[in-house]
Amino acid sequence: MTLFIKDTQLLKTYDTVKTSFWFTPCLILLLTISCCAVLLCIDFYSELHSVRWLYFLYHADADITRSLLTSIAGSIMTVVSITFSITIVALTTASSQFGPRLIRNFMEDTSTQLVLGTFIALFVYCLVLVRMTDHFANGDYLPGLTIAGAMLMTLFGILLLIYFIHHVSQNLQSDNVIDNVHLELQRTLEKIFDQQKEDENTESRHNQLTTESVKTDNQKEIINLADAIQIKSDQYGYIQTINYTCLCKLMKKLDGYIEIVVKQGDFVVKRMVTMKCYLPYLSKEDEQALLQCFTFGAKRTPIQDPEFAIHQLVEIALRALSPGINDPYSAIACVDKLTATLCDMTQKTFPKGYACDEDNLERVCYKVTSFHNLASIAFDQIRQHSQTCLAISLRQLEGLIHIAEQATDSSHWSFIDHQKRMIEHSLKQRPLIDLDRREITNRLQHLDKLLTA
C-alpha cells in the first residue's frame, strides 16, 4: 500500500528514520522495558506465586537465578558486538563492491534493525530483572513470569542470530543485491509517480466544471500582470523535496503564478535562481515562505528523485565492468533489471508538471522527468563503459527489442532508435569475428523491423 505524506519535511524525517540504525532498536528497547514493567507488576500484585503448578518459577534459588540472568546479559553483549561487527563488515563490503550509495539500502533493511534492537533490549531486560530479583527475594518469592519472559526471549534471540547470519550471507550475494535494488527502484518510482499525480489532481477535483480554455485564459491574464520576479536560493545543497501543495496554496493566496526552474536531485548554490514568480509585488515574508517549500541536503535521496533510484543500478553495473572487479554477469543482471523497469515505464503516464488550485486554475509549473531522460540514464553510461565487453552490448540490444515490443509513444521510439544507432556505431569500431557480427546483425535486423512496423 502506498503511503502519501504531503508534508515534505515530514517525508524527509520519515526517510531519515527509515534508513537509521537507532530508531527501530530504541523503539524495541522502550517496548521491552514497558513489557518488563507490566510483567513485574503482574508478579508483584497477583497471587501467581501461590499457584502450585507455577511453583518452579516463583520459588527457585535467588542466587542461582541472578547468576543465570547475569550470564545471559554478558552473553548477549558478546552477541551484540558480533552482530555489529557483521553489520559493519557487510556495509564495508557493499561500499567497496557495489558503491557507497548502496549503504543506504543495507541500512534500510528492517531485519538488521530488528536484530540489533532485540539483542540490546534483551540485555537491558536482564539487567533490570537482576535488580528486581533482589527486591522480590525479600518477599520469599521471585518474579517468575518475568523470568520466564527472559528465558523465552533468550531462546528467540538464539534463533534470531541464526536467521541474521543467513540473512546477511544472502544479502551480500550480488544477484540478491541487484534484485533488492531493483525492487526498491520499482517501489520508489511507483510512489513518486503516484504522489506527483496526486498533487496534480487533488486540487482540481474540487471544481470539475471549469474548462481547460478558461483555465488557460485566466493563466495568461495572471502572467501578463507583471514581469517575472526571480527568487534566488538562500542556501546550497541537493534539492531533496519540493512541496508543490504548499506552493500552490501560497500562489492562490497571492493570486499569482510560479515557475520552478530546478527539480529534485539538482545541486543548487546560494543566490541561484530557483523560481520565477509572476506577481506585481512579492514581500520578503512571502519570498521566505516560498523558499521554505524546498528541502535541501548534503546528498541526493530517492524521496522525490526517480533518477537517483536508477543511478543505483547503473553504479553497480559500472563497478562490475571496472578492471578491479571485472564481473560482467552482474552488469548483465543490472541491464536486465533496468530493461524490466523501462518496459514498465512504457505503460505509465508521466506527470504533466503543473499544479492547480481548487478553482482548477494553474498556479505552479515545475520540471518533471520524462521517459527519454530516465531511459537514457539507464543505458548511456553502461553503453559507454562496455566498449570491451560484447556481452553487455548484445544484452542492451536485446533490452531495446523488449522495450520496442511494448513501446506506445513517440518518445519510446525516439529513445530506442537513438540507442540502437549509438550501439551500432560503437560495435562498428570493434574488431569482431564473423560469428559475433552475425549475432549483432540478427539483433539489429529484428530491432529495425520493430522500428519500421
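Observations, loosely collected:
- Qualifying residue in region 53-74 (condition: open to solvent by less than 80 Å² (accessible area, probe 1.4 Å), part of a helix (DSSP H, G or I) and closer than 30 Å to Asn105 by Cβ): no
- Among all positions in region 120-140, there is at least one residue which is touching a residue at least 12 places away in the same chain (Cβ under 8 Å), within 31 Å of the chain's Cα centre (by Cα) and open to solvent by 30 Å² or more (accessible area, probe 1.4 Å).
For every residue, the table says whether it meets (1) at pLDDT 90 or above; (2) of a type in the set (A, V, I, L, M, F, W, C); (3) out of contact with any strand residue (DSSP E or B) (no Cβ under 6 Å at 6 or more places or on another chain).
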site	(1), (2), (3)
Leu172	no, yes, yes
Leu183	no, yes, yes
Leu225	no, yes, yes
Tyr238	yes, no, no
Tyr244	no, no, no
Gly256	no, no, no
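- Elements of type strands (runs of 3 or more DSSP E) contained in region 223-326, each with 1 or more residues being hydroxyl-bearing (Ser, Thr, Tyr) and open to solvent by less than 40 Å² (accessible area, probe 1.4 Å): 237-242, 257-260, 273-278, 294-297
- Annotation note: of Gln396, Gln387, the sole residue that is modelled with pLDDT under 90, surrounded by 14 or more Cβ atoms within 10 Å (Cβ to Cβ) and closer than 23 Å to Leu318 by Cα is Gln387.
- Of all residues in region 290-308, those that are over 16 Å from Val269 (Cα atoms) and of a type in the set (Asp, Glu) have Cβ atoms under 6 Å from Cβ atoms of residues that are open to solvent by 10 Å² or more (accessible area, probe 1.4 Å) and outside any loop (DSSP other than H, G, I, E, B), 6 or more apart or on another chain, in Glu307/Ile377.
- Residues that are basic (Lys, Arg) and part of a helix (DSSP H, G or I) within region 425-450 comprise Lys428, Arg437, Arg438, Arg443, Lys449, listed in sequence order.
- The set of residues in region 327-342 that are within 30 Å of Thr8 (Cβ to Cβ) and open to solvent by 10 Å² or more (accessible area, probe 1.4 Å) comprises Lys337, Ala340.
- Among the residues of region 399-408, some residue qualifies, meaning at least one is touching a Phe, Trp or Tyr at 6+ places or on another chain (Cβ under 7 Å) and either farther than 14 Å from Ala375 by Cβ or open to solvent by 10 Å² or more (accessible area, probe 1.4 Å) (or both).
- Matching residues in region 151-169 - criterion: being farther than 25 Å from Leu57 by Cα and surrounded by fewer than 12 Cβ atoms within 10 Å (Cβ to Cβ): Ile162, His166
The values are calculated or read from the model by the stated rules, or taken from the named source; none is laboratory data. Predicted, not measured: the structure shown is a model, and the values here were computed from it. Cβ atoms come from the backbone with ideal geometry, glycine included; neighbour counts cover every protein chain shown. When the accessible area is computed, the model is the full protein with side chains, heavy atoms only, and any ligands, DNA or RNA have been set aside. Shrake-Rupley method; radii C 1.70, N 1.55, O 1.52, S 1.80 Å.
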